[in-house]
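Structure first, commentary second.
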Amino acid sequence: MAMIAGTIYGVVLNDREQHRRLAAAFLEPPYKAPPQKPVLYIKSRNCLTTSGGEVMLSPDLTQVEAAATLGLLIGRDAHRVTMETALAHVAGACLALDITEPHDSYYRPSVRQRCRDGFLPLGGLADFTPALLDGDIETRVNDIAVHSWSPRRLVRDAARLMADISVFMTLAAGDLLLIGLPFDAPRIAAGDHVAVCAGRLPHLSARFRAEIAA
Amino acid sequence: MKRARIFHKGAVTWAALVDNDRALRLPSGEILALTQAHWLAPVTPGATIFALGLNYADHVKELGFKTKEPPLVFLKGPNTLTGHLGETVRPADGNQMHPECELVAIVGKPARHVSAAEAMNHVGGYTVACDYAIREYLENYYRPNLAVKNRDATTPLGPWVVDAAEIADPQKLRLRTMVNGKMVQEGSTADMVLDIAGIIAYLSETMTLLPGDMIMTGTPPGIHFCSPGDQVVCEIEEVGRLVNTLVAETGP
């Protein structure tokens with residue numbers, strides 16, 4: 001998929017409600033302390049697929065979690081940017097459906113939980129407007145509204161996230177930053193159809209199918 | 001054949017090693033002495049970079065871990081790469097920054113549902129990585145977290161790619177790291193917990209590996225904390241000798 005030429009970075013544990021629920025667990029082993037920096041992951045290029053396509057679920061997966069979020073396309077290298085200047089480095093936005101194998105541990109997850117083929121359908125790119133960060137992201141499954149959340153729920157908003165990440169690494173032009181995931185994302189099974197919309201961004205949809213064993 | 005990716009006369013190009021690895025031949029036919037080369041990390045742009053943690057039994061013991069089952073695989077961005085003879089910043093508070101010499105297998109053909117028996121047919125070449133880690137920055141979420149393993153230019157790579165056909169047995173190569181001429185890491189790729197074929201089989205069960213994707217196969221024992229000014233050399237027999245210099249952090 002040529003649409004994103006750079007690296008796709010995402011962040012977990014960036015949902016205030018999730019932090020409230022996990023506050024006690026953060027103090028227990030194996031974590032022992034709440035996260036200090038953004039908790040980041042990478043979606044490898046094999047995950048990329050365009051809206052309107054199919055996501056194949058292999059026989060070992062009965063359900064996946066499908067979290068709708070915003071992707072910010074970086075337009076200029078962001079290195080040690082401040083919260084005030086961060087969003088000036090964003091050149092576009094799109095909807096993303098970040099699919100994972102459900103997992104409870106945030107300690108040392110396996111890359112295959114997040115990075116199977118087709119595990120990141122992306123909607124079309126459009127202009128970035130700050131209003132997107134204030135709006136709602138709605139998910140419909142089989143044409144029924146099942147989930148809605150807003151980036152207003154983020155622990156670190158997009159600007160703070162870019163500032164806190166770019167302290168130690170460059171978000172490069174062409175990279176895509178997924179700004180956070182709702183902790184209560186819907187579970188999806190083979191046969192389901194998922195549609196996501198937010199403001200004026202191009203809609204995203206994906207059909208989930210069972211992969212025939214190789 | 002060995003191939004290097006260099007910056008030359010305003011452009012990025014791949015060049016072949018010639019004259020017993022003493023010179024480079026550019027696509028134009030021009031010959032360049034190695035001393036004239038401006039080395040870049042030999043990576044295909046867009047490649048996924050996989051890395052194995054805890055993949056040498058002795059290193060696992062040294063860090064106090066139990067061997068992981070399934071394998072610990074994490075991903076890295078291209079911002080981490082820098083070429084042979086490059087510089088890496090050693091942060092002022094990074095007192096526990098240590099080099100990790102790793103054999104890198106580069107995917108040569110697409111791989112999906114590939115068995116371990118077939119896996120080596122999908123390797124196109126090999127190179128050397130020095131994957132620095134900074135232990136102060138470890139957090140217990142999504143380990144190893146990106147602040148440890150995804151900092152800019154903290155993964156020297158190179159100097160070149162050796163064709164897979166030229167390495168008789170990639171699981172029988174000595175590797176070592178020298179800091180200012182003193183050996184701080186030593187091992188053999190024979191001691192990998194999961195060998196290259198096993199890694200490719202494991203990854204390709206759920207992901208399509210594409211040509212150019214790189215698999216950093218883990219590091220042998222030896223933890224040595226480095227300082228600014230240190231010259232760090234990672235060397236793997238038959239593959240290459242990768243040189244990097246640590247520099248102090250400068251102000252913004």
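The values are calculated or read from the model by the stated rules, or taken from the named source; none is laboratory data. Please read these numbers as outputs of a predicted model, since none were measured by experiment. Note that we place each Cβ from the backbone using ideal geometry, even for glycine, and neighbour counts take in every protein chain shown. Surface accessibility is based on the protein's heavy atoms, side chains included, excluding ligands, DNA and RNA. Shrake-Rupley method; radii C 1.70, N 1.55, O 1.52, S 1.80 Å.
I'd like the full set of residues that are among the basic types (K, R) and within 30 Å of B:R112 (Cβ to Cβ), limited to the range A:97-156. Explain how you work it out, then say what you get.
To start, the set of residues in the range A:97-156 that are among the basic types (K, R) comprises A:108, A:112, A:114, A:116, A:140, A:152-153, A:156.
Residues satisfying the conditions are A:R108, A:R112, A:R114, A:R116.
Considering only residues that are in contact with a Phe, Trp or Tyr (Cβ under 8 Å, 6 or more places away or on another chain) and farther than 30 Å from A:E211 by Cβ, which ones fall in the range B:105-131?
If we filter the range B:105-131 for residues that are in contact with a Phe, Trp or Tyr (Cβ under 8 Å, 6 or more places away or on another chain), which is where we start, we get B:105-106, B:127.
Residue satisfying the conditions is B:T127 alone.
Being part of a loop (DSSP other than H, G, I, E, B) and under 19 Å from the mean Cα position of the chain (by Cα) is the filter here; which residues of the range A:3-29 pass it?
Selection gives A:M3, A:I4, A:A5, A:G6, A:T7, A:L13, A:N14.
Among the residues that make up the range B:182-194, is at least one of them more than 14 Å from chain A (Cβ to nearest Cβ), farther than 20 Å from B:P71 by Cβ, in contact (Cβ under 8 Å) with a residue 40 or more places away in the chain and open to solvent by 30 Å² or more (accessible area, probe 1.4 Å)?
No - not one qualifying residue is present in the range B:182-194.
Of the numbered conditions (1) farther than 20 Å from B:G125 by Cβ; (2) open to solvent by less than 30 Å² (accessible area, probe 1.4 Å); (3) part of a loop (DSSP other than H, G, I, E, B), B:V60 satisfies every one except a single condition; which is it?
All conditions pass for B:V60, except number (3).
Given the criteria part of a loop (DSSP other than H, G, I, E, B), more than 12 Å from chain A (Cβ to nearest Cβ) and either of a type outside the set (D, E) or open to solvent by less than 20 Å² (accessible area, probe 1.4 Å) (or both), does B:G46 qualify? Show your work before the answer.
Values: part of a loop (DSSP other than H, G, I, E, B): yes; more than 12 Å from chain A (Cβ to nearest Cβ): no; either of a type outside the set (D, E) or open to solvent by less than 20 Å² (accessible area, probe 1.4 Å) (or both): yes.
Here the answer is no, as B:G46 does not meet what is asked.
Hey, any hits in the range A:46-65 for a residue that's over 20 Å from A:G118 (Cβ atoms) and of a type in the set (A, V, I, L, M)?
Within the range A:46-65, none of the residues are over 20 Å from A:G118 (Cβ atoms) and of a type in the set (A, V, I, L, M).
Could you list, in sequence order, the residues of the range B:1-35 that are closer than 16 Å to B:E166 by Cα, of a type outside the set (V, I, T) and either free of Cβ contacts under 8 Å to residues at least 40 places away in the same chain or assigned to a strand (DSSP E or B) (or both)?
B:K2, B:R3, B:A4, B:A16, B:L17, B:N20, B:D21
Here are some conditions: (1) out of contact with any strand residue (DSSP E or B) (no Cβ under 9 Å at 6 or more places or on another chain); (2) outside the structural domain of B:G108 (by TED's automatic domain parsing); (3) surrounded by 13 or more Cβ atoms within 10 Å (Cβ to Cβ). B:L32 meets all but one. Which one does it not meet?
The one condition B:L32 does not meet is (1).
Might you check whether a residue that is closer than 30 Å to B:N95 by Cβ and either in contact (Cβ under 8 Å) with a residue 24 or more places away in the chain or open to solvent by less than 20 Å² (accessible area, probe 1.4 Å) (or both) occurs anywhere in the range B:195-205? Don't jump to the end; show me each part of the working.
As a first pass, look at the range B:195-205 and keep what is closer than 30 Å to B:N95 by Cβ: none.
There is no residue in the range B:195-205 that is closer than 30 Å to B:N95 by Cβ and either in contact (Cβ under 8 Å) with a residue 24 or more places away in the chain or open to solvent by less than 20 Å² (accessible area, probe 1.4 Å) (or both).
Please specify each residue of the range B:126-136 satisfying the condition of being more than 14 Å from chain A (Cβ to nearest Cβ) and touching a residue at least 40 places away in the same chain (Cβ under 8 Å).
Going residue by residue through the range B:126-136, those that are more than 14 Å from chain A (Cβ to nearest Cβ) are B:126-131, B:135.
Passing the criteria: B:Y126, B:T127, B:V128, B:A129, B:C130, B:D131.
Only one residue in B:E237, B:E249, B:E205, B:E186 is touching a helix residue (DSSP H, G or I) at 6+ places or on another chain (Cβ under 8 Å) and of a type in the set (D, E). Which one?
It is B:E205.
Under 27 Å from B:D152 (Cα atoms), in a strand (DSSP E or B) and open to solvent by less than 10 Å² (accessible area, probe 1.4 Å) - does that describe any residue in the range A:114-122?
Yes: the range A:114-122 contains one or more residues that are under 27 Å from B:D152 (Cα atoms), in a strand (DSSP E or B) and open to solvent by less than 10 Å² (accessible area, probe 1.4 Å).
Give the range A:92-123 a look and list any residue that's more than 14 Å from every other protein chain (Cβ to nearest Cβ) and at pLDDT below 95, or say none.
A:P102, the sole residue that qualifies.
Go through the range B:209-252 and give me each residue that's closer than 30 Å to A:V55 by Cα and open to solvent by 40 Å² or more (accessible area, probe 1.4 Å).
B:L210, B:P211
Without any contact (Cβ under 8 Å) to a residue 24 or more places away in the chain, away from every other protein chain (no Cβ under 14 Å) and of a type outside the set (S, T, Y): does that describe A:A88?
yes
Hey, A:L178 hits all of (1) touching a Leu at 6+ places or on another chain (Cβ under 6 Å); (2) under 28 Å from A:M83 (Cα atoms); (3) crowded, with 20+ Cβ neighbours inside 10 Å but one; which does it fall short on?
(1)
Going through the range B:63-119 one residue at a time, which ones are open to solvent by less than 20 Å² (accessible area, probe 1.4 Å), free of Cβ contacts under 8 Å to residues at least 60 places away in the same chain and either of a type in the set (D, E) or in contact with a Gly (Cβ under 9 Å, 6 or more places away or on another chain) (or both)?
Once the filter is applied, which keeps residues that are open to solvent by less than 20 Å² (accessible area, probe 1.4 Å), free of Cβ contacts under 8 Å to residues at least 60 places away in the same chain and either of a type in the set (D, E) or in contact with a Gly (Cβ under 9 Å, 6 or more places away or on another chain) (or both), the range B:63-119 yields only B:L72.
When residues of the range A:185-214 are filtered for being in a loop (DSSP other than H, G, I, E, B), farther than 29 Å from A:D127 by Cβ and open to solvent by 60 Å² or more (accessible area, probe 1.4 Å), how many remain?
Of the residues in that region, 3 qualify.
Does B:E139 satisfy the criteria of being within 14 Å of chain A (Cβ to nearest Cβ) and either in a loop (DSSP other than H, G, I, E, B) or open to solvent by less than 30 Å² (accessible area, probe 1.4 Å) (or both)?
Working: within 14 Å of chain A (Cβ to nearest Cβ): yes; either in a loop (DSSP other than H, G, I, E, B) or open to solvent by less than 30 Å² (accessible area, probe 1.4 Å) (or both): yes.
Answer is yes for this residue.
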